[in-house]
C-alpha cells in the first residue's frame, strides 16, 4: 500500500453535506442523518489577541452519534469545544441545544445542559479511590456524612452499565492512563452527561488502550449517549466516527458521514491541499552497518530494563522499534544517544566502540537525535528560532569562534533551515510557533547537516498531518542518502510506513525482528503485548531472533533476518 | 497571518524591555503609595518623610554617592543571583559567597602588601572571585552529582561561610582589639575614590563593566548560550548534547565568583578590612534585587540603585524626620511584592491577565515561568490561540 493518488488532478467537490458555509445541510447522505440536531453551533467566532481561533465555525451534532471533530493542531477544535463547555466565552455566534438557544457561561451551565467533557489532562486526585474521585463535589450523604457505600454502589452500577470496567475501590494512582480516562468518563456520566466531549483522548493512550476506548465509545452510543470526539488522526476517525466535521483555520471545512469519505479526502480538507498519507519510498539500498548494539543490557531495580539487545542498522535503511511504551524504548534511546552507559554490551557507531563518548562527542561525527514531538523536548520555547536552530552546534566553527557566537553564520543557518524544512511562524520565541512547526524546526536542525546515523524517537507524536508528511519525507530522504535510521515509535502506522525492518521490544527484550513485509498489524499487536502469534497468519516471520543468547527453551520460529548478520 | 505577527515581533525585544520597565516603575510607584499610607496611618507627615527620603537618596552629590555606595554590594551580589537564575538555579548563597570573597580579599591584600597598587588590587579581587566561586561551585557540584537542591545547600553554606570566616579571623588573622576583624589593608590596596570627599570608589566602574560583561557572556558566548538553554529548558539542552551537569557546576561557580566580588569591593572600597559578620544581609537583599531586575544583567543596575536609594534615604528620613528606617524595609518589601505579582497591577488596571495574548511581553514571561504547565495541560489551547492554520 503505497501512495494513494486516487484524487490526483480532480478538483475537490464538496462531499455530501460538506458545503462550507453557514448551514451545512445535514446528511446529504440521507438515511443516517436524523432530522433534528441535538447540538448546533452556528457561526462561532473567538479571537485571542491577534489570533482568530474560531472564524465562523459551524457544527451540527445529531443525537446518538459519534461525531468526530477533525483538524490539525491549531485548527480551532479545542477552542470550539471549550466554548461549548463554557470555558471560553465566544465573541459571536449561537449555540442551540435540542433546537433551543442555550446560554453557556460556565462548565456548570454546560453540565446542566447535559454536556460533559473529558480533558486531555486528567483532573483526578491520585490519592483518592475511583469512587471518591467520581463523587467529589456531589457526595451522597447520610446523616451529614458521606455515604461511601452508596457512592461505591453508584460507581459500580454506572461502570457496569457502560462497560467501563473500573473498580470503585481502586486508588487512582494505581490505575493505567486508559483506566484513569475511563474514570473521567464516569465522572461526566454520573453528572448526567448526555453529550460527551472527548478532547484528543487517544493522545495519551497506547494502541491497545485506544481500541478499548473505542469499544467504550460504541457502548456509550448504544446506551443513547452522543459523543464528540476531537482528534487529528485520520485512522481513528475512520474507525469510530459516524459523522465527521473537519475544521481548518477556525472554520468548518466540511461535514459528512464517515462512511462517505476516505482518509485521503479528510486529509485534504484538514490541510487545504493534497497530502501524501504515505510518502513513496524506493527499495532500500543497504550499505555497511553504521549503528550496532551488541548484547546491550541495562539493569534496573529488580529487573533488566534492556536485556541482551542485539541490533544493527545499516546505511540506507530504517529499522523501526515497535513496542508499547515503557518496555525499554527510553533506555534504548538513552544508550544510543550516549546519556546512559549500558551495564553490559557495547554500542558501535560506524564500527567504532563509542563507550565513554558523551552525547556531544557522538553528535560531532554525524549522529543526529530527533526527540519526541510530544512531550516537546526538542526546542527551548523561550529562545528564538535562531538560537534553537544553532543549538547543539553553538560551541564551534562556523557558528562560534573562541566561544563567542557568530551572529551572521547563525542567521544564515536559520534562513537555510527554515526554508528547507518549511518552518513557518517567524523568528521570535519558538514557543510562539505551532507544535508542528516547532518539531519541523527541530528535525531541520538535526537533519540539516546530513548526519549518517539518525536516532528518531516518536518524531511525529502530537504533530499535525502536514508536518508528519514533511518529517517522514525528510527521514526517507536521509535513508536515500545512505544514512542509518533507528526509529523508535509507538505509532504502528508510522513504523509500517517508514521501516525497512522492524524489531519488537517487550520488557526490554527484542522478541521479534524481521523485514517489515513479514509482519501484519495483528502480529505486531500480539508481539507488543508479550504474546507470540500462533502462526495462524501462515507467515513465518516473528519469533525470537536466533542468536540464542538466552532464548533456550523457546523456539526460534524463523528469524529471517539475523541480528548480527555479517 | 503568522507572517504578520512575526513582523510585528521584530521590535518586540525593545517593546518587551520597555513594557517590563513600565511595569516595574508602576510597581515602585505603588509601593511608595502604599508606604505613604503606612506613614499616614502611623501618624507621620508623609510630605516631610518623602522629602527627606528623596533628599537623602538623590538630594546632593554626596547623597547620590551614598546611594551608590549602598548599591554596590547589591549590584555585585544581585548580578550573581540574576546570572544563576538565568541558568535555572536559585543561588540563595550570595551571602556566604560574599563572605568567602571578602576574607580572601582581605588576607590577600595583607599578604601581598609590598606589591604595587594596581596588581595588588587585581590580585586581591581575583582572590575574592576565586573564593566566592569555590563557595558557589560546591552547591553546584552537589546538585550535579547528587541532585541536592541548590536552595537548601546554598542557604546552609551561608551559615558555614559566616561562622567559618569568623573562626578563621579569630584564630589566624585577628587584629589586636575586642572586635573580630583583620588589620587594615595598606592604603595603596584600597580602591581609589571616584569623587573626592565621598565614599564613592572605582567599584562603581568595575560594577558597570561587570554588568556589561555578564550581559555579553549570556548573549553572545557559547557558554552563556548553554546557561540560558539549561535555564529555559533542561530537556532541550540534554537533547542538544549540552553537558547539563557540568554547566550547573560552572553556572554556580561563576555566580559565586561575582558574589565574591561583592565582598572584595566591600573590603577594598568601604571597610578596608574584613570584619566578622559585616554584612547586614546583602546576599539576601540581592535576591530581591535580581527579582526586581527580572534576572536581566542591565536590570540589576537600576534595581540595585533603587534599593541603595531606599537605604540611604531611609537613614536620612530617620535622622531628620524621626521616622524609623524600618519603614523603608517595609517599602522594599512592597516593591518586591508588586514586582513579583504583576497580576496585582493588572487587576488594578482591570486588564485580563489570563487571556492568551500572543507576542506581548507579559505573555511570554508568564509562559516561560509556567513552561511545564504550558507544555502539557495548556499546550493545545495556547497553540490554538497562537496560530491559525499552518501551511
> Can you name the residue in the stretch A:238-272 that is in contact with a helix residue (DSSP H, G or I) (Cβ under 8 Å, 6 or more places away or on another chain) and closer than 21 Å to residue A:471 by Cβ and, of all such residues, is surrounded by the fewest Cβ atoms within 10 Å (Cβ to Cβ)?
Replying inline: A:263
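For the stretch A:466-532, list the strands (runs of 3 or more DSSP E) that sit wholly inside it and hold at least 2 residues that are within 22 Å of the chain's Cα centre (by Cα) and farther than 23 Å from residue A:445 by Cα; which are they? Please lay out each step first, then the result.
On the way: elements: A:484-488, A:501-506, A:509-515.
The qualifying strands (runs of 3 or more DSSP E) are A:501-506.
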>> Among the numbered criteria (1) surrounded by 22 or more Cβ atoms within 10 Å (Cβ to Cβ); (2) away from chain B (no Cβ under 14 Å); (3) assigned to a strand (DSSP E or B), which one does residue A:327 miss?
In response: (3)
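Looking at A:444, A:436, which one is crowded, with 20+ Cβ neighbours inside 10 Å, more than 8 Å from chain B (Cβ to nearest Cβ), touching a residue at least 40 places away in the same chain (Cβ under 8 Å) and part of a helix (DSSP H, G or I)? Give the derivation first.
Details: A:436 fails: more than 8 Å from chain B (Cβ to nearest Cβ).
None of the others qualify; the one that does is A:444.
How many residues are within 14 Å of chain A (Cβ to nearest Cβ) and either surrounded by 19 or more Cβ atoms within 10 Å (Cβ to Cβ) or under 20 Å from the mean Cα position of the chain (by Cα) (or both) if we restrict to the stretch B:190-221?
Start the filter on the stretch B:190-221 by keeping residues that are within 14 Å of chain A (Cβ to nearest Cβ), which leaves B:213, B:215-221.
Checking the rest, the ones that are also either surrounded by 19 or more Cβ atoms within 10 Å (Cβ to Cβ) or under 20 Å from the mean Cα position of the chain (by Cα) (or both) come to B:213, B:215-219.
Adding up the residues that qualify gives 6.
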>> Looking only at residues that are within 14 Å of chain A (Cβ to nearest Cβ) and buried (at least 23 other Cβ atoms within 10 Å of the Cβ) in the stretch B:244-257, which one is modelled with the lowest pLDDT?
In response: B:247
>> For the list (1) under 29 Å from residue B:298 (Cα atoms); (2) more than 10 Å from every other protein chain (Cβ to nearest Cβ), I need the number of the one condition that residue B:234 fails.
In response: (2)
> surrounded by fewer than 21 Cβ atoms within 10 Å (Cβ to Cβ) and touching a helix residue (DSSP H, G or I) at 6+ places or on another chain (Cβ under 7 Å): does that describe residue A:235?
Replying inline: yes
>> Taking the conditions exactly as written (without any contact (Cβ under 8 Å) to a residue 60 or more places away in the chain, over 18 Å from residue A:368 (Cβ atoms), assigned by TED's automatic domain parsing to the domain that holds residue A:368 and touching a strand residue (DSSP E or B) at 6+ places or on another chain (Cβ under 6 Å)), does residue A:511 satisfy them or not?
In response: yes
>> Please pick out the residue among B:301, B:271, B:327 that is at pLDDT below 90, more than 30 Å from residue A:358 (Cα to Cα) and surrounded by fewer than 23 Cβ atoms within 10 Å (Cβ to Cβ).
In response: B:327
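Quick grid of which residues meet (1) surrounded by fewer than 21 Cβ atoms within 10 Å (Cβ to Cβ); (2) modelled with pLDDT of 85 or more; (3) part of a loop (DSSP other than H, G, I, E, B):
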{"residue": "A:321", "(1), (2), (3)": "no, yes, no"}
{"residue": "A:335", "(1), (2), (3)": "no, yes, no"}
{"residue": "A:340", "(1), (2), (3)": "yes, yes, yes"}
{"residue": "A:348", "(1), (2), (3)": "yes, yes, no"}
{"residue": "A:365", "(1), (2), (3)": "yes, no, yes"}
{"residue": "A:376", "(1), (2), (3)": "no, no, yes"}
> Residue check: is residue A:282 under 30 Å from residue A:521 (Cβ atoms), out of contact with any strand residue (DSSP E or B) (no Cβ under 7 Å at 6 or more places or on another chain) and at pLDDT below 90?
Replying inline: yes
>> Among (1) farther than 19 Å from residue A:514 by Cβ; (2) in the same structural domain as residue A:505 (by TED's automatic domain parsing), there is one condition residue A:280 misses while meeting the rest; what is its number?
In response: (2)
> Which condition number does residue A:372 fail, the rest of (1) within 26 Å of the chain's Cα centre (by Cα); (2) surrounded by fewer than 21 Cβ atoms within 10 Å (Cβ to Cβ); (3) assigned to a loop (DSSP other than H, G, I, E, B) being met?
Replying inline: (2)
> residue B:241 is checked against (1) within 14 Å of chain A (Cβ to nearest Cβ); (2) modelled with pLDDT under 95; (3) buried (at least 24 other Cβ atoms within 10 Å of the Cβ); (4) touching a helix residue (DSSP H, G or I) at 6+ places or on another chain (Cβ under 7 Å) and fails just one. What number does that condition carry?
Replying inline: (3)
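Taking into account only those residues within the stretch B:266-289 that are in a helix (DSSP H, G or I) and under 15 Å from the mean Cα position of the chain (by Cα), which is farthest from the other protein chains (Cβ to nearest Cβ)?
Filtering the stretch B:266-289 down to residues in a helix (DSSP H, G or I) leaves B:266-271, B:282-289.
Filter once more, keeping what is under 15 Å from the mean Cα position of the chain (by Cα): B:282-289.
Details: B:282: 30, B:283: 27, B:284: 27, B:285: 27, B:286: 23, B:287: 21, B:288: 23, B:289: 22 Å.
Applying the filter and picking the extreme gives B:282.
Which residue, of A:176, A:159, is away from chain B (no Cβ under 14 Å) and surrounded by fewer than 19 Cβ atoms within 10 Å (Cβ to Cβ)? I'd like the intermediate steps shown before the answer.
Working: A:159 fails: surrounded by fewer than 19 Cβ atoms within 10 Å (Cβ to Cβ).
A:176 is the lone residue from the list that is away from chain B (no Cβ under 14 Å) and surrounded by fewer than 19 Cβ atoms within 10 Å (Cβ to Cβ).
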> Which condition does residue B:226 not pass, out of (1) buried (at least 20 other Cβ atoms within 10 Å of the Cβ); (2) within 13 Å of chain A (Cβ to nearest Cβ); (3) over 27 Å from residue A:330 (Cα atoms), if it passes all the others?
Replying inline: (3)
> Which of the residues that make up the stretch A:386-416 are buried (at least 23 other Cβ atoms within 10 Å of the Cβ), in contact with a helix residue (DSSP H, G or I) (Cβ under 6 Å, 6 or more places away or on another chain) and either at the interface with another protein chain (Cβ under 9 Å from one of its Cβ atoms) or closer than 26 Å to residue A:203 by Cα (or both)?
Replying inline: A:388, A:390, A:394
> For the stretch A:37-96, how many residues meet the condition of being touching a strand residue (DSSP E or B) at 6+ places or on another chain (Cβ under 7 Å), within 14 Å of chain B (Cβ to nearest Cβ), in a strand (DSSP E or B) and crowded, with 21+ Cβ neighbours inside 10 Å?
Replying inline: 7
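The values are calculated or read from the model by the stated rules, or taken from the named source; none is laboratory data. Please read these numbers as outputs of a predicted model, since none were measured by experiment. Cβ atoms come from the backbone with ideal geometry, glycine included; neighbour counts cover every protein chain shown.
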